[in-house]
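So the structure is just underneath, and the comments pick up after that.
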């Protein structure tokens, strides 16, 4: 029953959503809007369960003084601090906005700065002319990078136009192919879930 009931709920919900979009009765009843409310409730419940699980894990790290337990303290203070603050103010509240804007943009800037070094390291290893494919990748990447910065235009005025052409023509063709593959794959997975053939999302174990 632990696996059968979730599969039945998933299949029935998917079938109801499909029929609500494909039939006039479903559109009049506005079934998707009704289900969206339950989705928000389920999302809030899942978030709370995840928060409790994270809290228990990091409390164990703090109590046992495991390596890096200071990060656990920061995480718990941020998690439950925002939660408690949200009980007294909405997301548009002055204090809530101040705390949000004073922390998140700086953390994002730091994260992207660190990622930039990893990207540069990966680019250094990837951009080597070992064969024809890597040579094309190196030349194309160099043209796009130089065409995106002022120094590239100073070196050759045609570089921005070349960069725009690469992004709009070859890149768009590749993106369309990827999007088609993603859509077909998503449809196949959705069909398997609808027919209860895909069971990875309900975990392992006996029914």
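Descriptive notes on the structure:
- Highest-first arrangement of 141-151, 28-38, where packing means the average Cβ count within 10 Å: 141-151, 28-38
- Kirkwood Rh in Å, taken over all unlike Cα pairs in the stretch 1-88: 16.4 Å
- If you plug the beta carbon distance of residue 172 and residue 21 into 1/(1 + (r/R0)^6) with R0 = 25 Å, you get a FRET efficiency near 0.25.
- Listed values (i) 1.15; (ii) 1.01; (iii) 1.51, entry calculated as Cα Rg over 2.2 N^0.38 Å: (iii)
- Inter-centroid distance (Cα atoms) of the stretch 8-22 relative to the stretch 124-183, Å: 43 Å
Since every read-out is calculated from the coordinates, none of them should be taken as a lab result. For clarity, every value in this text was computed on a predicted model and none was experimentally measured. Here the Cβ is made from the backbone with ideal geometry for all residues, glycine too, and neighbour counts use every protein chain on show.
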